[in-house]
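What follows is a set of notes on a single structure, which appears directly below.
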Amino acid sequence: MSLPPLVEPADELTVDEVRRYSRHLIIPDVGMDGQKRLKNAKVLVVGAGGLGSPALLYLAAAGVGTLGIIDFDVVDESNLQRQVIHGQSDVGKPKAESARESIEEVNPYTTVVLHKERLDSSNALEIFDGYDLVLDGTDNFATRYLVNDACVLLNIPYVWGSIFRFDGQVSVFWNEHGPNYRDLYPEPPPPGMVPSCAEGGVLGVLCASIGSVMVNEAIKLIAGIGDPLVGRLMIFDALEMTWKTVKVRKDPEGEPITGLIDYEEFCGTVSDEAQEAAADSTITARELKEKMDNGEDFYLVDVREKHEYDIVNIPGSVLIPKGEFLNGEAFGKLPQDKQVVLHCKSGQRSAEALSALKGAGFGDAVHVGGGVLAWVNQVDPSLPAY
Amino acid sequence: MSVSVRVPTILRTYTKDAAEVTAEGDTLKAVLADLEANYPGIQARILDDSGKVRRFVNVYVGDEDVRFADGLDTVIADGSQVSIIPAVAGG
């Protein structure tokens, strides 16, 4: 399937631009016409993170005339393993600003528009309107569904990529010409079932593998060349080094998208059960330290995975991963005559485990809000955060 | 019928880290039941409590999504490949 070019060509390229883009211009499929279309294109990149970093750099280098960036986050040292648009001196700086500085260095002819607000249902349509194409590299389901629905409503093609550990998925959703994201995944997984990159990790260079395919598709759509990845899903396995392509179809049972909804509620961040369990049973890292200093007799359980425990752990904690709470194996390992205190990395997983634990009759159990990261932050800054 | 099943990273805790396993069965339902017999717990990550494929997981036989074939009754030919593709949101 080929599609007509998404963008009308700009009137001309300057002498400097011809020199800069010469390796594109001498490809017959791109040529002056394709490069002028790139110059006229307005592309919005949601998230200047793992996927957004290589995508923004290559879109800029390719000569996309206007790049919008939505990101409300600041650069953290743990981003630098994969977010190559940011550097050491950018730590603490808003990602959108850091990304703009890198883009200006790569291509001064690209106009950068920053959107530093948090994207939500109240501002998405307004922000997206006027862009030719949206490229999404965010890290959560709520934003994925929001971006999809807004793109459907505005009839904008949605270049989508997603990564986890060594696995990547990439596709183009364009409701007018093929399926949208909801046709592929009608509903998000319940909170807690699918780990995020912050919980499960991601191979840094995977961002480039998937991000480069996303840019490749954006360029093709803008210039109207080749077969776009509409209606196909590519699945990359970096360990086996395989790319697999499967078909994506419109879901005949799919509900039409008529407006934006509350996506936090649609996706949930912590399950209702976990929220309820944690409501009156959350202690702070400092309170945990006090319990230790007071010599209280309790049983501290770390519900993360072993490789996380090896990075950093709270002294005296026993490792029993969350999965053992969900399948019930953990309960036999716990003392009946002591209070059980759970913690994880940042508090989500321990809330899920706490819900299961209370269900098994451990009524006085509590968990540590903010997890080991709060411990490092508030109690022992000499320990590493990850 | 013997088929190979591609297991995504997030379900490899059930398959002792194997990315590909073999299973027996004439239909997808039988293949998943055989998978469950060898890797307890994995089926519940693919099917919901009412036995339907979860809405955030796609199961492909070859390059076709079984939601657009016969679902769990989709006939599995000998030597075909079943792929389990879950939604992930990392970026």
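Of all residues in segment B:1-59, how many are out of contact with any strand residue (DSSP E or B) (no Cβ under 6 Å at 6 or more places or on another chain), closer than 17 Å to B:Pro86 by Cα, of a type in the set (S, T, N, Q) and assigned to a loop (DSSP other than H, G, I, E, B)?
Residues that pass the stated criteria total 1.
Looking for whichever is touching a Leu at 6+ places or on another chain (Cβ under 7 Å) and in contact (Cβ under 8 Å) with a residue 24 or more places away in the chain here; the options are A:Val106, A:Val147. Which one fits?
Just one listed residue meets the conditions, A:Val106.
Which condition breaks for A:Glu253 when tested against (1) among the acidic types (Asp, Glu); (2) part of a helix (DSSP H, G or I); (3) modelled with pLDDT under 90?
(2)
Check A:Tyr158, A:Tyr131, A:Tyr181 and return the single one that is over 26 Å from A:Ala61 (Cβ atoms), of a type in the set (Ser, Thr, Tyr) and modelled with pLDDT of 95 or more.
Criteria check complete, one pass: A:Tyr181.
Please go through segment A:108-162 and give me each residue that is under 16 Å from A:Ala41 (Cα atoms) and either within 13 Å of the chain's Cα centre (by Cα) or buried (at least 20 other Cβ atoms within 10 Å of the Cβ) (or both), ordered by number.
Once the filter is applied, which keeps residues that are under 16 Å from A:Ala41 (Cα atoms) and either within 13 Å of the chain's Cα centre (by Cα) or buried (at least 20 other Cβ atoms within 10 Å of the Cβ) (or both), segment A:108-162 yields A:Thr110, A:Phe128, A:Tyr131, A:Asp132, A:Leu133, A:Val134, A:Leu135, A:Ile156, A:Pro157, A:Tyr158, A:Val159.
Can you find, within segment A:233-248, the residue that is nearest to B:Arg67 (Cα to Cα) among those that are in contact (Cβ under 8 Å) with a residue 60 or more places away in the chain and surrounded by 15 or more Cβ atoms within 10 Å (Cβ to Cβ)?
A:Val248
Given the structure, is B:Gly91 under 22 Å from A:Cys197 (Cβ atoms), within 11 Å of chain A (Cβ to nearest Cβ) and of a type outside the set (Val, Ile, Thr)?
In short, yes.
Given A:Gly323, A:Gly332, which one is within 14 Å of another protein chain (Cβ to nearest Cβ) and not in a loop (DSSP other than H, G, I, E, B)?
Among A:Gly323, A:Gly332, only A:Gly323 is within 14 Å of another protein chain (Cβ to nearest Cβ) and not in a loop (DSSP other than H, G, I, E, B).
Among the residues of segment A:132-171, write down those that are over 15 Å from A:Ile219 (Cα atoms) and either assigned to a loop (DSSP other than H, G, I, E, B) or away from every other protein chain (no Cβ under 14 Å) (or both).
A:Gly137, A:Thr138, A:Asp139, A:Asn140, A:Asp149, A:Ala150, A:Cys151, A:Val152, A:Leu153, A:Leu154, A:Asn155, A:Phe166
Can you name every residue in segment A:222-254 that is closer than 26 Å to A:Asp120 by Cα and either within 22 Å of the chain's Cα centre (by Cα) or away from every other protein chain (no Cβ under 12 Å) (or both)?
The answer is A:Val230, and nothing else.
Under 30 Å from A:Gly49 (Cα atoms) and aliphatic (A, V, I, L, M) - does that describe any residue in segment B:53-73?
yes
What are the residues in segment B:70-88 that are farther than 18 Å from A:Tyr185 by Cβ and either in a strand (DSSP E or B) or within 12 Å of another protein chain (Cβ to nearest Cβ) (or both), if any?
If the condition is that a residue be farther than 18 Å from A:Tyr185 by Cβ and either in a strand (DSSP E or B) or within 12 Å of another protein chain (Cβ to nearest Cβ) (or both), then B:Val75, B:Gln81, B:Val82 are the ones that fit.
Look at segment A:177-194 and say how many of its residues are more than 7 Å from every other protein chain (Cβ to nearest Cβ), in a loop (DSSP other than H, G, I, E, B) and touching a residue at least 12 places away in the same chain (Cβ under 8 Å).
7
How many residues, within segment A:54-101, are among the acidic types (Asp, Glu), farther than 27 Å from A:Val7 by Cβ and outside any helix (DSSP H, G or I)?
Within segment A:54-101, residues that are among the acidic types (Asp, Glu), farther than 27 Å from A:Val7 by Cβ and outside any helix (DSSP H, G or I) number 2.
Going through segment A:363-378 one residue at a time, which ones are outside any helix (DSSP H, G or I) and among the small types (Gly, Ala, Ser)?
A:Gly363, A:Ala365, A:Gly369, A:Gly370 - these are the residues of segment A:363-378 that are outside any helix (DSSP H, G or I) and among the small types (Gly, Ala, Ser).
Got at least one residue in segment B:48-55 being surrounded by fewer than 19 Cβ atoms within 10 Å (Cβ to Cβ) and either over 27 Å from A:Glu253 (Cα atoms) or at the interface with another protein chain (Cβ under 10 Å from one of its Cβ atoms) (or both)?
Yes; the residues of segment B:48-55 include at least one that is surrounded by fewer than 19 Cβ atoms within 10 Å (Cβ to Cβ) and either over 27 Å from A:Glu253 (Cα atoms) or at the interface with another protein chain (Cβ under 10 Å from one of its Cβ atoms) (or both).
Name the pairs whose Cβ atoms lie under 8 Å apart, with the first residue in segment B:51-64 and within 16 Å of A:Glu187 (Cα to Cα), the second among the hydroxyl-bearing types (Ser, Thr, Tyr) and not in a strand (DSSP E or B), and 6 or more positions between them or separate chains?
B:Arg55/A:Tyr185; B:Phe56/A:Tyr185; B:Asn58/A:Tyr185
Any residue at all in segment A:82-99 that is of a type in the set (Asp, Glu) and surrounded by fewer than 17 Cβ atoms within 10 Å (Cβ to Cβ)?
No, every residue in segment A:82-99 fails to be of a type in the set (Asp, Glu) and surrounded by fewer than 17 Cβ atoms within 10 Å (Cβ to Cβ).
Could you check, for segment A:186-206, whether at least one of its residues is hydroxyl-bearing (Ser, Thr, Tyr), modelled with pLDDT of 95 or more and in the same structural domain as A:Gly63 (by TED's automatic domain parsing)?
Within segment A:186-206 (the criterion being hydroxyl-bearing (Ser, Thr, Tyr), modelled with pLDDT of 95 or more and in the same structural domain as A:Gly63 (by TED's automatic domain parsing)), the answer is no, since none of the residues qualifies.
Check whether at least one residue in segment A:16-33 is of a type outside the set (S, T, N, Q), assigned by TED's automatic domain parsing to the domain that holds A:Lys116 and under 15 Å from the mean Cα position of the chain (by Cα), and report yes or no.
no
Confirm whether A:Pro335 is of a type outside the set (Ser, Thr, Tyr) and farther than 29 Å from B:Pro40 by Cα.
When the stated conditions are applied, A:Pro335 does not pass them.
When you go through (1) hydrophobic (A, V, I, L, M, F, W, C); (2) assigned to a helix (DSSP H, G or I); (3) touching a helix residue (DSSP H, G or I) at 6+ places or on another chain (Cβ under 7 Å); (4) without any contact (Cβ under 8 Å) to a residue 60 or more places away in the chain one by one for A:Leu38, which number turns out not to apply?
(4)
The values are calculated or read from the model by the stated rules, or taken from the named source; none is laboratory data. Bear in mind the structure is a predicted one, so any value in this text is a computation, not a measurement. Quick reminder, even Gly has a Cβ in these numbers, built from the backbone with ideal geometry, and neighbours come from all protein chains shown.
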